[in-house]
Structure formats: C-alpha cells, structure tokens
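**Student:** Quick one: this structure, given as structure tokens, is what I'll be asking you about.
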Amino acid sequence: MIPTLLIVVVVLAIAFDYINGFHDAANSIATIVSTKVLTPFMAVLWAAIFNFAAYFYFTDHKVANTIAKTVIEEYITLEVIFAGLVAAISWNLFTWYYGIPSSSSHTLIGGFAGSGMAYALFLGVNPIEAINVSATLKIISFIVLAPVIGMTISIIITLIIINICRNAKPRVAEKWFKILQLISSAGLSFAHGGNDAQKVMGIIFVAMIAGGAATAGEQMPEWIPISCYAAIALGTMSGGWKIVKTMGTKITKVTPLEGVSAETAGAVTLGITEHFGIPASTTHTITGAIIGVGVVKRVSAVRWGVTISLLWAWVLTIPVSAILGGLTLAIIHYIL
C-alpha cells in the first residue's frame, strides 16, 4: 500500500514545479515582452509550449540525478523531503510576492539539504555527513559561474551581431531581430524546461524510493517526467508579472537585438550545464546575460543598484531555504 505521506509529497513536488513555472516565467519572457515582440499572454503561451517540448529531448535526466544525490541516501525520509518542499515553496512564494527573481533551483536544493542536515542532527550525527559535499559544492559554484558564463556569451554574441549588421538599415534590422527573438526566446524556454523540470523529477523519484514504491537503480516511471514538464508549463502560462518588470526593464533597457543576444546566451549556458548534469539557475543565467548586453552599450547602462539587490537574494536563497527546511523538520519531529 502506498503511504499517504508519499502521495502528499508527490502532490507538493508537482505543486512546487507549477510555482517554479510562474515564478520563473519572467526568465523566459521578460525580454520578449519588454521589447513588445509579443503580448504578455502570447509570450507565456509561447514559453509554456517550449517548456513542455523539452520533455521529448532531455531524456538522460542528469540534472535529476544530481538533485537526488544532494542528500546522502541513509538520511532521506519522506519527512525530510516533505520539510524540504515546504521550505522551498514558502521561499518561492515569498520572493514571488515581493517581485524578487530568486532561484527556484537553489530554493529546492537548500530546503532539501537543510531538512536532511536537521535529520542527521536528530540522529546525533554531524549534519555535514548528511550532505553530498562534492555535488553541493558544484551546485553552489554555479551561483557565480552561471551568470558569469551567461554574461560572457551574451557580450560575445552582441559584439558579433553588431559587427555583422553595422551597415544594415535600422528599421530592417529591427524587423529581423523581432523575428529572431521568437526563436531565441523559444530556445531559452526549451532549455529552462529541460533544466528546471528535472529538479523536481529527482525529488519525486527519491521520495518513491524512501516510501518503498521504487528501488534505487530502476528506471524512473514515465509519469514523473510528463507530470513535471506539464506542471512547469502550466505554471509558466500563469505568468509572474512582478518579476517580469524587474528582469525586463529594471536591470537595463533591452532592444530586440539585445533580447536575441541575452536569450541565446541563456539558452546556450543552460544547455551546457544540463549536458554536465549541473542544476544551474535560469534566473541567475538570464540575469547575467541581460547585464552582458547592457555592458556592451556602456557600463553605466546597467542599473547596478538593482543588480546588487538581486545578488543578495541569490546569496541568501540556499541558507534561508536550508534554515526553513530544518525548522519545518523540527516541527514535524517535536510536535507532530
């Protein structure tokens, strides 16, 4: 018989994926909305289609495997996963409400790791022993590396485009870049779906193992990826307009040319990280890419005050989520 808590955890995990979709919708559509290539409704619909289309391409589940290994297996219980999901959902909703583009990926990782460490502490074990240190350090390193890579690639792409099109008529060039932005935003949404949906897939499969509904080493049931990709696509269709404003206009003013550069850079960066099984943040990546196109114009074109505020949110996400995960598990442990 399937444990009731396992069903609750699976529902919570899919709910997190839905929230991830509308929380991170801004990452995929901010530039294409701010450049008025698509209306907000058409933009989220466009992004959602390619979020789900990633299901048919990303079949290796490398990112899911990395997430599943964040906490050592012997410290994973359904209660630990439940506490981690509650923490991740809480921080995601908090940052969404205040329009802060934090990382859903790092929220999930922090919550899961924090509850795992708390469980080890209750067992009288050093909390660090509950964490796969090498996997965690790889994830944390990309808090810095993902935006830097995104920024570097966007600068290179922008400079190449400017040089190729230096003799083009501005009106003709803008028309073509608006068309190209449809392709680049689709690529970014495709990469976003492939990277972010896998994170919850890993959590659900680990929960099934912890709940006795699956065994380690067996193939992931097909309903898990389908559910996760569908949930993130539906979440994207719900939009996240407060964060769209921050991403699309507050960092720097974005033209269709720059939108193409930023979105292409974001898609390429996420493709690289997915290939190596690294659960990188779409939020961090596209933010770095948008900063890159701003820097090409001039350093002062980037609103660095806004950027510094975003950096604080990035730095705090994992530790705050970890604390929330630990506190949630403590409530379960001592009260329930």
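**Student:** For every helix of n ≥ 4 consecutive DSSP H residues, a contribution of -39,500 (n - 2.57) applies; sum these over the chain, divide by its total residues, and give [θ] at 222 nm rounded to the nearest 500 deg cm²/dmol.
**Tutor:** -26000 deg cm²/dmol
**Student:** Between Lys69 and Leu311, how high is the FRET efficiency from 1/(1 + (r/R0)^6) when r is the Cβ-Cβ distance and R₀ = 30 Å? Nearest 0.05.
**Tutor:** Efficiency for this residue pair is about 0.60.
**Student:** With a sphere of radius 15 Å drawn around the Cβ of Phe142, what net charge do the other residues whose Cβ falls strictly inside it have (Lys, Arg +1; Asp, Glu -1)? Provide the component values of the computation, followed by the final result.
**Tutor:** Numbers: positive: Lys62, Lys138, Lys199; negative: Asp196, Glu274.
The answer is +1.
**Student:** Heavy atoms only, probe 1.4 Å: what % of the accessible area of the chain goes to carbon and sulfur, would you let me know?
**Tutor:** Numbers: 10180 of 14210 Å².
With neighbouring chains kept in place, the figure for the chain is 72 percent.
**Student:** Turning to a different aspect of this structure: Hey, which of these cross-link pairs are over 27 Å Cα-Cα: Lys178/Lys199; Lys62/Lys178; Lys169/Lys297; Lys36/Lys297; Lys178/Lys297? Working shown, then result.
**Tutor:** Working: Lys178/Lys199 32 Å; Lys62/Lys178 34 Å; Lys169/Lys297 19 Å; Lys36/Lys297 20 Å; Lys178/Lys297 19 Å.
Where the Cα-Cα span goes over 27 Å, the pairs concerned are Lys178/Lys199; Lys62/Lys178.
**Student:** Describe numerically, in nm with one decimal, the distance between label points set 7 Å from Cα along Cα→Cβ at Val11 and at Glu129.
**Tutor:** Reported label-point gap for Val11 and Glu129 is 3.6 nm.
**Student:** Out of (i) 48; (ii) 29; (iii) 32, which label holds the value of percent of Cα pairs over 31 Å apart that was computed here?
**Tutor:** Only one listed value fits the structure, namely (ii).
**Student:** Separate question: Applying a 10 Å radius around every beta-carbon, put 154-163, 197-206 in order of their mean neighbour count, most first.
**Tutor:** Working: 154-163: 17.5, 197-206: 27.8.
So the peptides 154-163, 197-206, ranked by packing, come out 197-206, 154-163.
**Student:** In Å², what does the accessible area per residue of the chain work out to with a 1.4 Å probe?
**Tutor:** Ligands and nucleic acids excluded, the figure is 42 Å² per residue.
**Student:** Extension gain Asn167-Tyr98, at 0.36 nm per residue separation less the Cα-Cα distance, in nm? Please report the intermediate quantities before stating the final value.
**Tutor:** Working: separation 69, 0.36 × 69 = 24.84 nm, distance 4.35 nm.
That pair, Asn167 and Tyr98, stretches by 20.5 nm at full extension.
The values are calculated or read from the model by the stated rules, or taken from the named source; none is laboratory data. Everything numeric here is computed off the predicted structure, so don't read it as measured data. Here the Cβ is made from the backbone with ideal geometry for all residues, glycine too, and neighbour counts use every protein chain on show. Calculation scope for accessible area: heavy atoms of the full protein, side chains included, ligands and nucleic acids excluded. Shrake-Rupley method; radii C 1.70, N 1.55, O 1.52, S 1.80 Å.
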